[in-house]
Amino acid sequence: MTDVTDHLPPPTAAPGWLGQATEVEKSRAVAEVQGAIIVAQRVPRRLDTARTMMAESCRMPRLAERAFFSYSRGDGQVTGPTVHLARELARCWGNIQYGIAELRRDDEAGLSEITAFGWDVQTNVRASTTFIVPHKRDKRGGPVQLKELRDIYENNANMGSRRLREQIFAVLPKWFTEEGEDICRATLAKGDGTSVDDRRAGAIRTFAGIGVTADQLERKLARPAEKWTVYDLAQLMITHRSLLAQELTVEDAFPQVRVTADEIRQQATTAPLSPPAALDVGADGYDPDDPERPM
């Protein structure tokens, strides 16, 4: 039996020497970790202060709007806290370090090796994960290989942020994160004080001002307007701000539905022909509304 390792390239030998810049960076990293631990022990977090900071942040509409993700899967709806909320809760909790790093990129194999971690330096609780990210993007017709450097970077950053979110939540107390989520939900439900129905109508009017129809909004959210939730409205507000800031184009945010030639042919062969409309004629054989009808 052939071992799969026989097909792998030989390992690259480590350099026999390290430059001065590398040695300085290693020393700096060790000193930074030691300093963080010392500071955390000398200035420990106060739970009352952390909770107060968290409550104030989660009452901010701008944070609450970015606190949850929502998307359709099958017949249900998947929702959860975002990495934006995780980072803010980590800031309020204090004495936490977190991050993502690309360890290796192999353009020939079309994949990257990435690590994400969260570390409570006060309690020395650490969570980390190392994972492989293929240079591909899922689409309806199947995964598409990424070639552009920007596409690969954005794909790696997106996948890294998802893992980072989980590592931060792994080191934060569960009660702390749940309390923050509850306050964010209350902030979203309150909104600007108007009803959800009024906010739905307002969102449709707002997007109509930039040429986006209600049908496009419903396709993006995968459900009719009367079923939009406060999380959906929050996502639309983020999209609208990105459009105004020119970070996103209407074509990218609301792609047109592509119709293939096969679909057109199938519709032409299956659609029944509509019979001609019957004319409303009088006793004299003329249409009563015909201006040419003889009097």
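Where a number appears in this text, it was derived from the coordinates with a stated rule and is not lab data. Just so it is clear, the model here is predicted, and its values are computed rather than measured. Here the Cβ positions follow ideal geometry from the backbone for every residue, glycine too, while neighbour counts run over all protein chains shown.
Tabulated values for the structure
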{"quantity": "HN-Hα J in Hz across segment 35-51 - Karplus 6.51, -1.76, 1.60, θ = phi - 60°, x for Gly and Pro", "calculated": "x, 5, 5, 5, 4, 5, 6, 7, 10, x, 5, 10, 4, 5, 5, 5, 5"}
{"quantity": "Per-pair calculated FRET efficiency, R0 = 35 Å: GLU247 and ARG59 via Cβ, rounded to 0.05", "calculated": "0.85"}
{"quantity": "Entries in LYS26/LYS136; LYS147/LYS220; LYS190/LYS220; LYS26/LYS147 that, when Cα-Cα distance is taken, lie over 30 Å", "calculated": "LYS26/LYS136; LYS26/LYS147"}
{"quantity": "Sequence-distant residues sharing a close amide H with LYS136 (under 5 Å, placed H)", "calculated": "LEU146"}
{"quantity": "Distance between segment 140-188 and segment 211-256 - C-alpha centres, whole angstrom", "calculated": "20 Å"}
{"quantity": "Segment 192-253 - Rg (one decimal) and Dmax (whole number), Cα, Å", "calculated": "11.0, 32"}
{"quantity": "Cα-projected label distance for GLU23 with PHE131, points at 7 Å along beta-carbon direction, nm", "calculated": "3.9 nm"}
{"quantity": "In Hz, Karplus ³J(HN,Hα) per residue of segment 191-206 (6.51, -1.76, 1.60; θ = phi - 60°; x = Gly, Pro)", "calculated": "x, 9, x, 8, 6, 5, 4, 5, 6, 5, 4, x, 5, 5, 5, 4"}
{"quantity": "Difference of contour (0.36 nm per residue) and Cα-Cα distance, LYS139 to ARG104", "calculated": "10.1 nm"}
{"quantity": "Inverse mean reciprocal Cα-Cα distance (Kirkwood Rh) of segment 102-192, Å", "calculated": "15.6 Å"}
{"quantity": "Dipole magnitude (debye, nearest 20) for segment 29-183, charges at Cβ of Lys, Arg, Asp, Glu", "calculated": "100 debye"}
{"quantity": "Amide H contacts of PHE69 (H built 1.01 Å from N, under 5 Å, at least 5 apart or other chain)", "calculated": "GLY80, THR82"}
{"quantity": "Label-point separation in nm, TRP175 to ARG45, each point 7 Å along Cα→Cβ", "calculated": "1.4 nm"}
{"quantity": "Extent along principal axes [Cα atoms of segment 31-117; Å; largest to smallest]", "calculated": "47, 39, 19"}
{"quantity": "Unit Cα scatterers, Debye sum, segment 29-183: log10 I(q)/I(0) for q = 0.10 Å⁻¹", "calculated": "-0.45"}
